[in-house]
Amino acid sequence: MPGRTGRGCRSERFLRDYTAGRTTGQDLLDDDRAWRHPLVREHFPAGLREDMVRLHHDREWFLTVMESLPRAFCHLDQWPANVRSDGRDSVVLDWAFAGDGALGEDLGNYLPDSVFDLFVPAADLPGLAKAAYDAYAHGLRASGWRGDERLVRLGVCASAVKYDWLTALMLARADDEQPAYGGQGAVPAELRYRERGLALAFLADWAAEARLLAPQLGFPEAPSGR
């Protein structure tokens with residue numbers, strides 16, 4: 001997808017580095033005309049503007065939460081193109097960015113990217129997310145981890161901040177041709193905006209869950225937003 005991980009990012013404070021330079025279209029988040037573009041108006045769910053503007057303004061809080069969670073060795077670029085499966089067996093490719101991350105952070109990349117790059121229909125995202133989370137938590141327990149599972153859930157949900165930049169980018173590129181992944185042709189703009197709009201709304205739900213969960217685990221409450 002546009003804006004994928006750039007070579008040379010450090011694994012420490014990975015999310016902060018990843019999001020820092022992705023500023024295209026940020027001025028459009030408060031632009032009524034940008035939100036009235038037909039692709040945006042017709043395919044972004046109601047309430048998404050408010051949710052994504054709040055996520056943007058709460059960005060520092062989310063990053064601080066992610067940096068304060070228990071650490072794990074993470075792939076940090078796990079998405080469908082980097083996974084190969086054969087029956088019950090799977091292998092993850094391209095470990096160039098592997099290193100320090102929060103518990104649950106890889107799921108926070110893999111699940112949204114599955115829809116953003118049109119590997120999985122947005123309608124299937126809730127079921128995929130539940131199955132993936134249950135498998136991840138089971139794997140942690142099987143490996144001997146005995147921590148508070150709410151920390152894992154918080155890591156997954158707070159990782160929504162990784163895609164803070166995507167809404168603004170889509171506002172900025174609504175009039176552009178929509179290239180398929182890898183530059184091989186184009187995809188229908190209506191399809192891309194509908195699927196990504198639904199996935200962004202899913203991330204807004206994650207962000208809301210993170211705001212509720214974090215204070216239960218000793219984190220400060222999130223800013224009130226706007």
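The values are calculated or read from the model by the stated rules, or taken from the named source; none is laboratory data. This one's a predicted model, so the numbers in the text were calculated from it and none came from an experiment. Positions of Cβ are generated from backbone atoms using ideal geometry, with glycine treated the same way; all protein chains shown enter the neighbour counts. Surface accessibility is based on the protein's heavy atoms, side chains included, excluding ligands, DNA and RNA. Shrake-Rupley method; radii C 1.70, N 1.55, O 1.52, S 1.80 Å.
Tabulated values for the structure
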quantity	calculated
Accessible area (Å², per residue) of the chain, counting only protein heavy atoms and a probe of 1.4 Å	48
Residues with amide H under 5 Å from that of GLY101, placed H, sequence gap 5 or more	ALA72, CYS74
Gyration tensor (alpha-carbon) shape descriptor, segment 44-178, a/c threshold 1.5	oblate
Sites ALA96 and ASP30 - FRET efficiency at Förster radius 35 Å, r taken between beta-carbons, to 0.05	0.45
Contour minus Cα-Cα distance for ARG71 and ASP86 (0.36 nm per residue)	2.4 nm
Tensor-based shape of segment 97-161 (alpha-carbon gyration tensor, a/c under 1.5 rounded, otherwise prolate or oblate)	prolate
CD proxy at 222 nm, helix term only [per DSSP H run n ≥ 4: -39500 (n - 2.57); per residue of the chain; nearest 500]	-15500 deg cm²/dmol
Relative contact order [Cα under 8 Å, 6+ residues apart], segment 114-218, whole percent	43
Charge dipole (debye, nearest 20) of segment 99-226; +1 at Cβ of Lys and Arg, -1 at Cβ of Asp and Glu	320
Highest-first arrangement of 176-184, 130-138, 210-218, where packing means the average Cβ count within 10 Å	210-218, 130-138, 176-184
Simple Cβ-charge dipole of segment 14-172, Lys/Arg +1 and Asp/Glu -1, about Cα centre, in debye nearest 20	280
Value of relative contact order over segment 27-186, rounded to a whole percent, pairs C-alpha under 8 Å and six or more apart	30
LEU111, LEU128, reordered so the largest accessible area comes first (probe 1.4 Å)	LEU128, LEU111
Mean Cβ count within 10 Å, highest first, over the residues of peptides 14-20, 101-107	101-107, 14-20
